[in-house]
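In what follows, a single structure is set out as structure tokens and then discussed.
Derivation of every value follows stated rules applied to the coordinates shown; laboratory data play no part. Everything quoted here is computed from the prediction, not taken from an experiment. When we count neighbours, we look across all protein chains shown, and the Cβ atoms used for this are built from the backbone with ideal geometry, even at glycine.
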Amino acid sequence: MNAPSYSLTALTEAAQSAPLTLGMDNTVAGIGMAVAALAGAGLGAWISVGRNRKALAAGDAQAKALVEQARQEAKSEAERLRLEAEKSALERKARAEQELEAARAEARETERRLTKREDTIDRKEQSLAQKEENNAKAAESLRQREAVAIRKGEELERTLAEQRETLMRLSGMTKDQAREALLSRVEDDCRHEVGKVARRIIEEAESEAKSKAREITLMAIQRYASEHTSESTVRSVAIPSDDMKGRIIGREGRNIRAIEKATGADIIVDDTPGVIVVSCFDKVRQAVAVESLERLIADGRMHPTRIEEIVEKVRSETDERILRYGRDAIAEVNLRGIHPKISEAMGKLHYRTSYGQNVLRHSIEVAFLCQIIAEQLGLDGAVARRCGFLHDIGKAMDHEMEGGHPKIGMDFARQFGEKEPVLNAIGGHHADIPATSFYTPIVMAADAVSSARPGARRESMEKYVQRLHELQDIALSFRGVTEAHAIQAGREVRVMIDAAKVDDDEAFLIAHQIAKRVSEEMTFPGEIRVTVLRETRAVEYAR
């Protein structure tokens, strides 16, 4: 252990801190103690210095040992790093050699491919050279053949010219005359061939179309079959006795004139017992007149003022019924978005007839027939039903406006918001305008089916006779026709042709042309069959 060291400063402080009240003896003693303390401190310092030298010597030895150990460790580490560097260099060298070998192999493969490609190019060049040589030979051959052909063409032209001159000399005809004869012959042959082609095409088309149309039409009629009652422009009103006729006539005819003036209908009072007749083309006015007469007869009071009151009341009720008829018809056909004015116009058709057929019931029937046909063809049944229902709406006001009912109806429907397919069906269902949608021909077909149904319509004798004459006149206007007869109530026209002027194929073409003219120039319900008969008779007499 190291001896404790005491500094001079500490001893001085200890001496100063001693009590001054001691005596002199104490001072001497204190000085001695201080000297002893100083001597002890010097001894301790010498001892400490010696020990420190030993410690320094030991530290130097230890430091040398550590330096030597560090030198050895550094040498070992340097050797290890050198070995690792050599190993890494060897590895890099091996990888470089591998990469170099791969590059050499790839270069060899590329060289092999290039050599093969050069061989292929050489072969192609040889082939092209051979082809060029062959083409040159072929071109030379073609030039030679062309020269031969030119010489032969010149010889042929000279031969044809010589033959043409010989033919003209032998026939006694000029070039123009021969051309005209040839064209005439060609024209006859072409007409014959056209008749054959037209006959074949039309027969095939008609066979397929008639079969499909017949199937769809029969199904539509079967699915929608309604009853028809033929109506007339003349109606009878029963009276209880002949005395009532005088009251209806009134004094000096005042009552009957008042009735006719108020209703716009003709009242016919004749010798027929028990009835008077109301005649009027406008079915609305006729209905008002009939009902007014029935009420006047039941009431018994018959004078002009009463007549006007009854007629006005009946007319008001008829207007209400017209609105109801229109709404009921629209509900029956199941349509949406119909304008009230259109509904009112359709209600008026309840009182309108066409060849005795009620136009409103006809419109309803056509609507359902259109729907069935359209759905069979893959079209919209609702649109077709709307087109068919409104197609005759122009008849509700055609007696009030100029023009045909298709145009009147189309303009009226356009005014109240109907769309183009419906407008075209209304305006074109009698072919007055071109059809722009598939629904127009459907309406035309359904209209014809409804009109031509047995019992649906009837004609006056005058129109019936007029139609027969028109049929015969159209048929007789064609070349080669000798006779024409309308039969089966005008449903068929049979045409006799001259067999010497017209052959079988041209006869078929004449039948088609007659049918086309009848469709374009005549108005008729249903269809008219055109039958052309060609007969060859050989007559000889035995003597």
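Suppose we keep just the alpha-carbon trace of the stretch 461-534; what are its Rg and Dmax in angstrom?
Every Cα atom of the stretch 461-534 included, Rg and Dmax give 11.8, 38 Å.
Roughly how many nanometres apart are two label points built 7 Å out from the Cα toward the Cβ at Asp60 and Arg295?
15.7
All other residues with a Cβ under 15 Å from the Cβ of Arg327 taken together, and with Lys, Arg as +1 and Asp, Glu as -1, what is their net charge?
Combined, the nearby Lys, Arg, Asp and Glu give 0.
Cross-link candidates for Lys54: which lysines have Cα within less than 22 Å, leaving aside residues fewer than 8 places away along the same chain?
In chain and number order, the partners are Lys64.
Would you calculate the separation in nanometres between label points at Arg151 and Glu101, each defined as 7 Å from the Cα along the Cα-to-beta-carbon direction?
Label-label distance for Arg151 and Glu101, simple model: 7.8 nm.
Using alpha-carbon positions, what is the distance between the centroids of the stretch 482-533 and the stretch 319-348, in Å?
Distance between centres, Cα-based: 43 Å.
I need the calculated FRET efficiency for the pair Arg254 and Asp432, taking r as the beta carbon distance and R₀ as 45 Å, to the nearest 0.05.
FRET efficiency, Arg254 to Asp432: 0.45.
Average the reciprocal distances over every distinct pair of alpha-carbons in the stretch 242-306, invert the result, and give the Kirkwood radius in Å.
It is 11.8 Å.
Want the number for Val275 to Leu43: 0.36 nm per residue separation, take away the alpha-carbon distance, what's left?
65.6 nm
Set the Förster distance to 56 Å, then compute FRET efficiency between Gln126 and Lys419 from the Cβ-Cβ distance, nearest 0.05.
0.15
Just for the Cα atoms in the stretch 286-347, what are the lengths along the principal axes, largest first, rounded to whole Å?
Result for the stretch 286-347: principal-axis Cα extents of 46, 17, 14 Å.
Given a Förster distance of 60 Å, report the FRET efficiency between Glu520 and Ala138 from their Cβ-Cβ distance, rounded to the nearest 0.05.
Result of the calculation: an efficiency of 0.40.
At what distance in nm do the modelled label points of Val465 and Lys313 sit from each other, each positioned 7 Å from its Cα along Cα→Cβ?
Roughly 4.7 nm, to one decimal.
How about Lys283: which lysines have a C-alpha closer than 24 Å to its C-alpha, ignoring those fewer than 8 places off in the same chain?
By straight Cα distance, Lys283 reaches Lys245, Lys261, Lys313, Lys341, Lys348, Lys395, Lys407, Lys463.
Using only the Cα atoms of the stretch 8-169, what are the Rg and Dmax in Å?
63.4, 199
Report the extension gain between Cys190 and Gln472 in nm, rounded to one decimal, defined as 0.36 nm multiplied by the number of residues separating them, less their alpha carbon distance.
Result for the pair: 98.6 nm of gain on full extension.
Provide the net charge surrounding Ala484, with neighbours chosen by a C-beta distance below 14 Å and charges set as Lys +1, Arg +1, Asp -1, Glu -1.
It works out to a net charge of +1.
Based on C-alpha coordinates, I'd like the Rg and Dmax of the stretch 313-359, in Å.
Gyration radius and largest Cα-Cα distance of the stretch 313-359: 11.1, 32 Å.
Given a cut-off of 16 Å, what percent of all Cα-Cα pairs of the stretch 30-125 lie beyond it?
80
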